[in-house]
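S.K.: Let me give you the structure first, and then I'll get to my questions.
The values are calculated or read from the model by the stated rules, or taken from the named source; none is laboratory data. Since the structure is predicted, the reported quantities are computational estimates derived from the model, not experimental observations. All Cβ positions, glycine included, derive from the backbone under ideal geometry; neighbour counts span all protein chains shown. For the accessible areas, the whole protein counts, side chains as well, though only heavy atoms, and no ligand, DNA or RNA atoms are used. Shrake-Rupley method; radii C 1.70, N 1.55, O 1.52, S 1.80 Å.
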Amino acid sequence: MASAQAQRWDRYGDARAVVIRDVLRAVISDLAAGAGRPRLDIVDVGGGTGGFAAPLAGQGHTVTVIDPSPDSLAAAQRRAAEAAVPLRAVQGDVTDLARLVGEQGADLVLCHSVLEYVDAPDAAMTAVASVLRPAGAVSVLAASAVAAVLHRALAGRFDEARRLLGIVSTGPAGGSTGPGGSTGPGGNGHSYAAAPRRFTVADVVGMIEGAGLRAGAAHGIRVFADLVPGSFADVDPGASDALLALEQAASAHPAFHDIAAQFHVLGYR
């Protein structure tokens, strides 16, 4: 019984990540075919504990995690060791990419939940672009400003929702910050936004194009998963699978991109 319940919860959790995994699988396949080699050089900037990096290393790719947190890097190395896969873990941040990776040193850069915290998102995207090889790609995952307003309103936090609504960006101008969006030093001396920024899809597309890249497909991530009580997975054994199917179906619809908790955008050199 406990095992079946855990499996249902795992499937519920899959609704939050399956779209990204599916998109990355297709992107990596296309990049490998274009490069004429099965092993890609992948950089996961702000990769934390290696949740994406370790599985990619397990697929045979050369993967480097760059993160300002020594604790996160140690956890990433433990994760890789448990999976018996090689993983390079380097302390640094997105501004260090050219020095740590080298110009045109990566086929694919994962930039997941990074732009929310850096001091200058436009400069961060330019740094990512500088290390991409010709025909290389960047995978950007960012928090939605529109969803932040919606979720607070649904939780009855109407004043906070109205304050956030007032600072939702109307164009690619670097994103919106949360209340009190000041900046402060990161854990390794680098400067980060103290309150996380949130973006619209147009913001991120603008940053990708501003860095000299071509914007690719966008997907909504967690369109419904954050709005549905987890208890549904206990009440209805099929609810998590149905939610997973709904997330996959809704993710590609442009109408749902900005109301998703996060959105994923690809960029190509």
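S.K.: Would you kindly find the accessible area of Ile20, with a 1.4 Å probe and non-protein molecules such as ligands, DNA and RNA excluded, rounding to the nearest 10 Å²?
M.R.: 10 Å²
S.K.: Please give me the summed charge of the neighbours of Asp258: other residues whose Cβ is under 11 Å from its Cβ, Lys and Arg +1, Asp and Glu -1.
M.R.: Charge balance in the 11 Å sphere: 0.
S.K.: Note down the accessible area of Phe158, probe 1.4 Å, to the nearest 10 Å².
M.R.: Using a 1.4 Å probe on the heavy atoms, I get roughly 130 Å².
S.K.: So, taking all protein chains as they sit and a 1.4 Å probe, how much accessible area belongs to Glu116, in Å² rounded to tens?
M.R.: For Glu116, the solvent-accessible surface is approximately 10 Å².
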